[in-house]
């Protein structure tokens, strides 16, 4: 372990002390033994990033900060990592050749057994399509390309009530069920479609959000997903 010896100001010393205290915050980690990320190197690197943001900087790990933490943990634990090219539409990072879209959520309405992706991707064409056939054709084209380009979605979810982070993978193959949806389900300007149609509760719900020109995938059954790990912070954090 590298040792550091340097003079610091009193303010710098206080920050260093706060930072070390943050890194040593009580945090119970549980990794899925079947996960490709189940290693002490990945877990400790991800946990240190998580605690830095949550306890030192005072905000939950989220969005770009999550992306950075996940990529750093993959690199530190020996995975081959390739960041997506600038302007890449669907995926953020390739890990050992698998192209992954990174998402995060800290909404207070999170449900334990149902996942929600508020913005899978932008889709400006939603506002231009005026017929069910055009909406269906454009939706099929988008998800056909998405399923070709992306291997998985990994989402970090933060549950406020229990101070717990959950790293969960959503299989992209699940979206192929969209291709079974009939024309009548696309009649509305901004349709909300439970998939499979008629199943209650559905495997997931597809929403074509016309006001924000985006694709939302809601109500995803967690039974189809893989939880890679959880991090639960100590009481009072």
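The Cα center of segment 55-126 and the Cα center of segment 186-215 differ in position by 23 Å. Its Kirkwood hydrodynamic radius, worked out from the mean inverse distance over all distinct Cα pairs, puts segment 13-233 at 18.7 Å.
I need the per residue convex hull volume for segment 48-110, using only the alpha carbons, in cubic angstrom as a whole number. The partial results should precede the final answer.
Numbers: hull volume 6.5 nm³, N = 63.
Looking at segment 48-110, the number lands at 104 Å³ per residue.
Rounded to the nearest 500, the 222 nm mean residue ellipticity of the chain from helices alone is -8000 deg cm²/dmol, with -39,500 (n - 2.57) taken per DSSP H run of at least 4 residues. Could you tell me which of rounded, prolate or oblate describes segment 121-181, using a ≥ b ≥ c as the square roots of the eigenvalues of the alpha-carbon gyration tensor, with rounded for a/c under 1.5 and, failing that, prolate when a/b is larger than b/c and oblate otherwise? Prolate, because a/c is 1.5 or more and a/b exceeds b/c.
Tell me, what does the Kirkwood hydrodynamic radius of segment 145-225 come to in angstroms if you use every pair of distinct C-alpha atoms?
14.2 Å
The ranking of 129, 74, 88 by Cβ neighbour count inside 10 Å, starting from the fewest, reads 88, 129, 74.
Residue exposure proxy: 36, 82, ordered by other Cβ atoms within 10 angstrom of their Cβ from fewest to most, comes out as 82, 36. Could you give the angle, 0 to 90 degrees to the nearest 10, between helix 10-23's Cα long axis and the longest principal axis of the Cα atoms of the chain? Helix 10-23 and the main axis of the chain meet at about 50 degrees.
Springs between Cα atoms under 10 Å define the GNM used for the chain, and in it the highest mean-square fluctuation of 138, 11, 223 occurs at 11.
GNM on the chain, alpha-carbon springs under 10 angstrom: the most fluctuating residue among 50, 16, 120 is 16.
Quick note: the coordinates plus some simple rules give every number you see, no bench work behind them. What you see is a predicted model, and the numbers here were worked out from it, not measured in a lab. Cβ: placed from backbone, ideal geometry, glycine included. Neighbour counts: every protein chain shown.
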